[in-house]
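Each remark here refers to the structure printed beneath this line.
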Amino acid sequence: MTAKIIDGKAFAATVREKVAVHVARIKKDHGITPGLAVVLVGEDPASQVYVRSKGKMTVEVGMNSYEHKLEIDTKEADLLALIDQLNNDPAVHAILVQLPLPDHLNEDLVINSIDPAKDVDGFHISNVGLLATGQKSMVPCTPLGCLMMLRGQLGSLSGLDAVVIGRSNIVGKPMAQLLIGDSCTVTVAHSRTKDLPDVVRRADIVIAAVGRAEMVPGDWIKKGATVIDVGINRIDAPEKGEGKTRLVGDVDFTSASAVAGAITPVPGGVGPMTIACLLANTVTACCRANGLAEPDDLTV
Ligand code: GUN
């Protein structure tokens, strides 16, 4: 079997087109431009790339982008004061504080200081609780993108066995909640899981979100399973020349794609969907803040 490649780039382009249509309508009918504020503390190179990309795409779909770049030694009180200012700014409908934060800043405190209605990442404890209890919330962008691709590939997920490898607050835990919401039987596996290969072999849906290069080989994958690879790992690529590197996922793509029914590539799978879902969540937050009907094609 050769797996169907789930084209996250094309999927994300479709989501962004829908976002742009909604943004144009909101501007025309209500004179409101959705606005996303992104806060970056320090100069982590990967975070800088993500933040630049988010800003560019926000503008491309017609929304306002507000970027706040703070020094690495920013005091917690100053960061909290900026968040308070953004919470109270009616032009800002969505706030994202790029993670990880420098060690001297309390990540939980910072995230929980964001107005939950503007918490476009869905990381605030209120949104985590709402999602866990099946209530309307802001849904974290990466799991939201994964669910959209799964539904696009499989239609109904009801009754399927799903394994989520990784228990992070950003991906693993909210992904498990979304799959439960879609009536999957969900196992959350992690570094202490006994006999991980066996657990993965039972799954119709595999979500790999551990951050370890190519740790899931093809012989762990059930024939015909749908594999969503959230990992983005940079490894040496001597075959490309001295000092060269390449990006790989948490799944060994070559062996897994010989067994799976469908699989996301790295790059070009989950990555583009995360930013597209961030834009979608910004529109959702803007509509809720202004009492407008929420688009039903931008969320799950
Ligand atoms: N760092 C890595 N992924 C994310 C994300 O989804 N949101 C934020 N705020 N920071 C991140």
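Numbers for the structure displayed
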read-out: Pairs where the first residue, in region 130-159, is farther than 12 Å from Asn281 by Cβ and at pLDDT 95 or above and the second is in a loop (DSSP other than H, G, I, E, B) and within 16 Å of the ligand (Cβ to nearest atom), C-beta under 6 Å, 6+ apart; value: Leu130/Ser137; Leu131/Ser137
read-out: Residues within region 247-265 that are under 11 Å from Ile5 (Cβ atoms), outside any strand (DSSP E or B) and aliphatic (A, V, I, L, M), tallied; value: 1
read-out: Failed item in (1) surrounded by 15 or more Cβ atoms within 10 Å (Cβ to Cβ); (2) within 12 Å of the ligand (Cβ to nearest atom), with Pro100 passing the rest; value: (1)
read-out: Some residue of region 200-211 being without any contact (Cβ under 8 Å) to a residue 24 or more places away in the chain, surrounded by 14 or more Cβ atoms within 10 Å (Cβ to Cβ) and over 18 Å from the mean Cα position of the chain (by Cα); value: yes
read-out: Scan of region 77-111 for residues that are touching a Pro at 6+ places or on another chain (Cβ under 9 Å) and β-branched (Val, Ile, Thr), ordered by number; value: none
read-out: Which listed residue, of Lys173, Lys222, Lys136, is within 21 Å of the chain's Cα centre (by Cα) and assigned to a loop (DSSP other than H, G, I, E, B); value: Lys136
read-out: Residue among Ser183, Ser113 that is of a type in the set (Ser, Thr, Tyr), within 15 Å of the ligand (Cβ to nearest atom) and out of contact with any strand residue (DSSP E or B) (no Cβ under 8 Å at 6 or more places or on another chain); value: Ser113
read-out: Residue among Ala24, Ala3 that alone is touching a residue at least 24 places away in the same chain (Cβ under 8 Å), surrounded by 21 or more Cβ atoms within 10 Å (Cβ to Cβ) and more than 21 Å from the chain's Cα centre (by Cα); value: Ala3
read-out: Pick from region 188-218, criterion outside any loop (DSSP other than H, G, I, E, B) and out of contact with any helix residue (DSSP H, G or I) (no Cβ under 7 Å at 6 or more places or on another chain), ranking: nearest to Asn233 (Cα to Cα); value: Ala208
read-out: Lone qualifier among Arg202, Arg151, Arg167, Arg192 - being more than 16 Å from the ligand (Cβ to nearest atom), among the basic types (Lys, Arg) and in contact with a strand residue (DSSP E or B) (Cβ under 8 Å, 6 or more places away or on another chain); value: Arg202
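The values are calculated or read from the model by the stated rules, or taken from the named source; none is laboratory data. Just so we're clear, the structure is a prediction, and the values are computed from it rather than from any experiment. All Cβ positions, glycine included, derive from the backbone under ideal geometry; neighbour counts span all protein chains shown.
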